[in-house]
Every structure is written in structure tokens, then in C-alpha cells.
1. Are there any pairs with C-beta distances below 9 angstrom linking a residue in the stretch 176-201 that is in the same structural domain as ILE164 (by TED's automatic domain parsing) to a residue that is open to solvent by 30 Å² or more (accessible area, probe 1.4 Å) and hydroxyl-bearing (Ser, Thr, Tyr), with the two at least 6 apart or on different chains, and if so which?
2. Are there any pairs, at least 6 apart or on different chains, whose C-beta atoms fall under 6 Å, with the first in the stretch 350-372 and free of Cβ contacts under 8 Å to residues at least 60 places away in the same chain and the second surrounded by fewer than 19 Cβ atoms within 10 Å (Cβ to Cβ), and if so, which?
3. May I ask you to verify whether PRO238 is more than 16 Å from the ligand (Cβ to nearest atom) and free of Cβ contacts under 8 Å to residues at least 40 places away in the same chain?
4. Modelled with pLDDT under 95 and either among the polar types (S, T, N, Q) or open to solvent by less than 20 Å² (accessible area, probe 1.4 Å) (or both): which single residue out of ALA399, ALA450 fits that description?
5. Just wondering, is there one or more residues in the stretch 371-385 that are surrounded by fewer than 20 Cβ atoms within 10 Å (Cβ to Cβ) and farther than 30 Å from CYS201 by Cα?
6. Could you say which residue among LEU374, LEU383 is at pLDDT 95 or above, among the hydrophobic types (A, V, I, L, M, F, W, C) and touching a Gly at 6+ places or on another chain (Cβ under 8 Å)?
7. I'd like to check something: does the stretch 426-445 contain any residue that is open to solvent by 50 Å² or more (accessible area, probe 1.4 Å) and in contact with a helix residue (DSSP H, G or I) (Cβ under 6 Å, 6 or more places away or on another chain)?
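The values are calculated or read from the model by the stated rules, or taken from the named source; none is laboratory data. Keep in mind that this is a model prediction, so the values were computed, not measured. Neighbour counts run over all protein chains shown; Cβ positions are idealised from the backbone, glycine included. Note: areas computed on protein heavy atoms with side chains; ligands, DNA, RNA excluded. Shrake-Rupley method; radii C 1.70, N 1.55, O 1.52, S 1.80 Å.
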Amino acid sequence: MEQVPRPGPKYACYPPHVLIWPLPALGHVNSMLKLAELLSHAGIKITFLNSEHYHERLVRHSSDVFSRYMNLPGFQFKTITDGLPKDHPQTVDNFHELLNSLASVTPPLLKDMLTDAKSPVHCIISDGLMSFAIDVAKQVGIPIIYFRTVSACAFWAYFCIPEIIDAGELPIKGNEDMDRLIKHVPGMEKFLRCRDLPSFCRAEDPMDMNLQLVVSETRSSVRADGLVLNTFEDLEGPVLSQIRAHCPKIYTIGPLNAHLKARIPENTHSSNSLWEVDRSCIAWLDNQPSKSVIFVSFGSVAVMQRDQLIEFWYGLVNSHKRFLWVIRPDLISGKDGENQIPKELDKATKERGYIAGWVPQEEVLGHKAVGGFLTHCGWNSTLESIVARMPMICWPSFADQQINSRFVDEVWKLGLDMKDLCDRKIVEKMVNELLVERRAAFMKSADRMANLAIKSVNEGGSSYCNLDHLINDIRMMSSKSENS
Ligand SMILES: O=c1ccn([C@@H]2O[C@H](COP(=O)(O)OP(=O)(O)O[C@H]3O[C@H](CO)[C@@H](O)[C@H](O)[C@H]3O)[C@@H](O)[C@H]2O)c(=O)[nH]1
């Protein structure tokens, strides 16, 4: 399906044209849409290439997001197949299937799109996990910039995995080995433990398919003409210096949610939620005392066992604090014991809890009644929490979430790392630490980091200037191509 572009503002000559192509996963599509909006605002023509499945979802479940983008001048959606059946489960275990399928079916389609003389593309910004896009870009001679949607610390850990394996630091030798320090991620030698490495490193075999795939994709970033990261210099400066030794052209332009608000203040709907949002929780929050609620959400893909759900539930109830919990319809893996919620949990939830399937997360984090965030530490959630001055309890599940958690707790002092423990007593204790006992200290760090985040996206800040660099570089690519 292709949308005909609507007339945009009157550009002097040809506007630069960028093709943006995310991996079909919510955390990726969501943040690349934000980048698309920022570039569109700067007068750049955008073709946003969505997988057929994600596009259908966007049109059907988020028609407001879809029409908002369709109204941006010079913006169009195009779709491309991911080569998988419609009902193919999208879980972390199927990650390599998705990437392999994309790599086998999309290159000729992309090449056709890029060689269409009617609509020349001057630059591709592709997801930083799709190296086949680099191969196609090089064949047709169009510059390509990578966008990696994870933190710089996660990117750097992925980048160093071959050295970690060569040094014999992987595989991890069972649970008792989890607290061993890793020596071969420069800059993190003092605090990075086996348990904090991206979850793919837990494979028993260092040649594990998912692990090798993510490493080779990360390493391929050096072949791109630039790397965009959704982070900011004051948050991850030391790690960024390490990465710059390998990928010299890095555009740190985050936090993207704050950057959008800074550049386009009239845009009050930046969250780009691709699923239907239940807003009834806002009315519930309106009736709760200030900073009294712990918000619980584990992102769009993480799953948990039913017994883990019950442990969290007891922990929240036993903390005697109010809670708002996002339980997605597909959050619980396996259906054992469905509908058997112990009566005391049910009763306490009616008294001081609220459960929803999908909420306007950024708005919730900014609500005056919310005092803390129990999160899986997906990168978008982590940044949204930082911008909202919200201390965190981190229960990481997979991929980059473990290392993000470690940084939240040990480096940025913005919250507590629960590691992969799941025990009602720990949940209860941490909720009380976050909301009461250590509240003042966490709030001080959260305020400081939020101020730095806001400074970075305001005029003159590092992310603001880096986005201007990116826009100027794209303009140069376009004028070079028009002159050749
Ligand atoms: O009820 C909800 C729950 C979540 N969200 C939004 O959904 C996004 C979730 O993104 P993220 O926190 O990054 O989590 P995942 O969806 O799990 O993201 C995947 O992609 C991220 C970016 O690559 C990685 O950091 C994660 O580990 C990976 O699981 C955020 O923008 C939330 O605001 C809502 O709008 N409403």
C-alpha cells in the first residue's frame, strides 16, 4: 500500500528526501517515527517504510497517530513485507527468524524503491539491526545512516562481545557465576557483572544464533555513514567516547520524546502509541494523592509466568501503596490457573490498585499522583522516566534491559535494580524504599538528570546541535546528489 504524498510547504528547489526504515517492533517503530517527525519539521521529505503488519496495526488501532503523520508536509508511508506469516509470534526467541526473513526477502524490493527515478532518495536511515540495508545502499550509491534504538551502554557491550568471548569471559558458568566482573568492556570494568550483559550472553554456547546475530549487526554499524542514538551526552558521555573510536560520526539526539516537545511545542501527542490506549486510568489517577502511586509496566514484548505475576501482585499489595499496573493481554505466558486470583489480592486491588491493558505511558509518568515506576527498563521507558523525573525499580527481562538496569542503579543512581529476582518480599521492600525511605535521594538524582536531559534538547544543547548537524548533513547529501 502506498500513500500519495500531499503537497508540502513550498521548498526552494528540491527538498532532501530521506527513507526511514525501522525494524518491525514497537520500541523501534515508535522511536523512528519520532525522528521522522523531527526531520519532517525541518522541511525534509520523509518516506517511512513500515512492515505490512505494523502498518495495518497503525491504521487500525492508532488511526490518530496515522492521520497525524499523514498530515505532516512531505511525509508518506510505504509498506514492505517482512516475509513472515501474519500470525507469526513476535517474541525475543523469534528474533533471528524475523531478521533472517527480512534479509532474504526485502533487499530486491528496497533496491527497486531506491532506483525509482520519479522519487529519488538522498539518504536512508535504517534500523541499526538491518545490515542488509547497508549492502543495498552501497550497491545503489545512496548514503545510509544507522539508527540504533538502544542505549549507548548496551550498544557498547554488544560491540565488545567478540573480545569478551576471546578472553574466555563467556559463556557464563551457571547462576553462581553471575556476579563475576567482566573485564573486557572498556570503561565498565569496575561494575559490569555477567548478569548485566545483554541477555543473549546467557546462552551456553558463544556461537548461539541470536548472540552472533546481534553482535554481527552491531559490528556492521562501522560500515554505515553515521550512527544516530536516542541518548544524550550528559547521560552517556564516557561510553560514547569509547564508541566514537570505532564509529566516529555519532548523532546523539535524545531523549527523543523531550526533543519533540522542545522543537514542536504545539505537538502534545508525541507518544506514538501503536496500540489502542485505555485512558480511564487518568481519571483514577486524578483522585489519588500526590506522588502516592507506583506505576508498573513492562513494555510491549516482555512476558512473565503466572507465578511471577502473583509474586509481583502480593508484593504490590503488601507494600500498602497505591498502584497502577499495565497487564497487556499477552503479558502472561502459559494459561495455567487462569482466573484464579487469590481473593485477598482482588480485594486489595479494588481498594488501592488499578489495572489496565495499555495506557498513555508518558502522560501517566508525568501525572502528579505517580511517585515511582516499576519497569522492565526498555530504553524508551527508561528515557521517558528520566524526562518525567521518576525514580525507577528495574526488573529487566531480556536484551539491553539488564545493562540499562545496572546503569540506572549503579551509575546514574536513579533507582533500584531488582535483577531477575521475583519475590513478593523484595517487591514490597523496594516499593517502600523508592516511595518512602530513599525517596529524597532518588528525587535529587532524578531532578538533576531530568534537568540535563531538558538542557540537551533545548536550543544550544548537545542533542539540539547534533540534530542540526544531522539535518545539515542530509541537506549536503541531497545537494551533492542533485549536482552529480
Ligand atoms: O501501557 C503502555 C506501555 C508502554 N507504552 C509505550 O511503549 C514503549 C515501550 O518501549 P520500551 O520501553 O523501549 O520497551 P519495549 O517495547 O520492550 O522495547 C523493545 O525495544 C527497545 C528499544 O530498542 C529495547 O530497549 C527493549 O529492550 C525492547 O524490548 C514506550 O514508549 C512506552 O511509553 C505505552 O504507550 N503504554
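1. Every condition considered, the pairs that remain are GLY187/SER241; SER199/SER397.
2. ILE355/ILE327
3. Numbers: more than 16 Å from the ligand (Cβ to nearest atom): yes; free of Cβ contacts under 8 Å to residues at least 40 places away in the same chain: no.
The answer is no for PRO238.
4. Answer to the selection: ALA399.
5. Pass one, the stretch 371-385, residues surrounded by fewer than 20 Cβ atoms within 10 Å (Cβ to Cβ): none.
No, the stretch 371-385 contains no residue that is surrounded by fewer than 20 Cβ atoms within 10 Å (Cβ to Cβ) and farther than 30 Å from CYS201 by Cα.
6. The unique qualifying residue is LEU383.
7. yes
Matching residues to (1) under 24 Å from GLY371 (Cα atoms); (2) more than 10 Å from the ligand (Cβ to nearest atom):
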{"residue": "ALA245", "(1), (2)": "no, yes"}
{"residue": "PRO248", "(1), (2)": "no, yes"}
{"residue": "ALA258", "(1), (2)": "yes, yes"}
{"residue": "LEU274", "(1), (2)": "no, no"}
{"residue": "ASP278", "(1), (2)": "yes, no"}
{"residue": "TRP284", "(1), (2)": "yes, yes"}
{"residue": "SER292", "(1), (2)": "yes, yes"}
{"residue": "SER300", "(1), (2)": "yes, no"}
